[in-house]
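To start, the structure under review is shown below, and the notes come after it.
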Amino acid sequence: MSEVSDLTSTRKGWNVYYLEWTDSTAAAYYVWKDAELVLTTTETHAEISVDYNTFPVISVFDSSTDQPVYAQSGFTTLSWYADSTTKKFKVEKMDGTSWEFVQYIDNPGKTYFEYRTPYLDDEQTHQYRVTPIATSGESGEARTFDVVMARYPDIPNYTLAETFDSTSGESLGWEITLNE
């Protein structure tokens, strides 16, 4: 008994994945998302929901005693709240001894914001700063985020791109590119 080897995943909409496998020898299958058991089924297919802008690690096993090895992502998401006077946010990253500009994030009237970092080097502390900028142009009090990156095992740095049919809008599949 082990992980099924012929798992296929098709995205249905922005937050649902349709999973299918042909192994039909087990009495039950155990579907894991990001090292958490999310479903036990006797079927050889399943649909699972995912959060917006996430790319979960999905595993299916044919034994209740098997579990995936957890691998920490190389990315992290900073999140914060804004007040009604904030026009935009300035995101910066500490580069040795000075703050390096990363990007501006406009405020279209929302109250909750997120910024997903690029792939972060392992075994290091990374520091980000988010500064609110009011409609008057004045900078507010900056919020600093310290991110300690410690992955075990270290997963590869990759880019994931989905291709869609230009007529139907259906997913044609995914392409994974390993970044060195």
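A short reminder: the numbers here are calculations on the coordinates, not readings from a lab. Owing to the predicted nature of the structure, the values given are computational and were not obtained by experimental measurement. FYI the Cβ positions are ideal-geometry reconstructions off the backbone, even for glycines, and counts take in every protein chain you see.
Summary table
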item	result
Under the Debye formula (equal points on every Cα, no solvent term), log10 I(q)/I(0) of the stretch 1-69 at q = 0.13, 0.26 Å⁻¹	-0.32, -1.23
Rounded to whole Hz, the Karplus (6.51, -1.76, 1.60) HN-Hα couplings of the stretch 29-38, x for glycine and proline	10, 10, 9, 10, 10, 6, 6, 10, 5, 10
Interchain or long-range residues, amide H under 5 Å from residue 38's placed H	31, 32, 33
Positive-pole candidate from 117, 81, 140, dipole of the stretch 79-180, charges at beta carbon	140
Nitroxide proxy distance, nm - points 7 Å out along Cα→Cβ at residue 37 and residue 100	4.4
For the stretch 77-149, size of Cβ-based charge dipole, Lys and Arg +1, Asp and Glu -1, in debye	380
P(r), alpha carbons of the stretch 77-149 - 5 Å bins starting at zero, rounded %	4, 16, 28, 24, 15, 9, 4, 1, 0
Karplus-derived HN-Hα couplings along the stretch 99-110 (A = 6.51, B = -1.76, C = 1.60, θ = phi - 60°), whole Hz, x at Gly and Pro	7, 9, 5, 10, 5, 9, 10, 6, 10, x, x, 7
Ratio of Rg to Rh over the chain (Cα coordinates, Kirkwood Rh, two decimals)	1.06
In Hz, Karplus ³J(HN,Hα) per residue of the stretch 121-133 (6.51, -1.76, 1.60; θ = phi - 60°; x = Gly, Pro)	5, 6, 6, 9, 9, 10, 10, 10, 9, 10, 10, x, 10
Relative compactness, the stretch 41-110, computed as alpha-carbon Rg over 2.2 N^0.38 Å	1.80
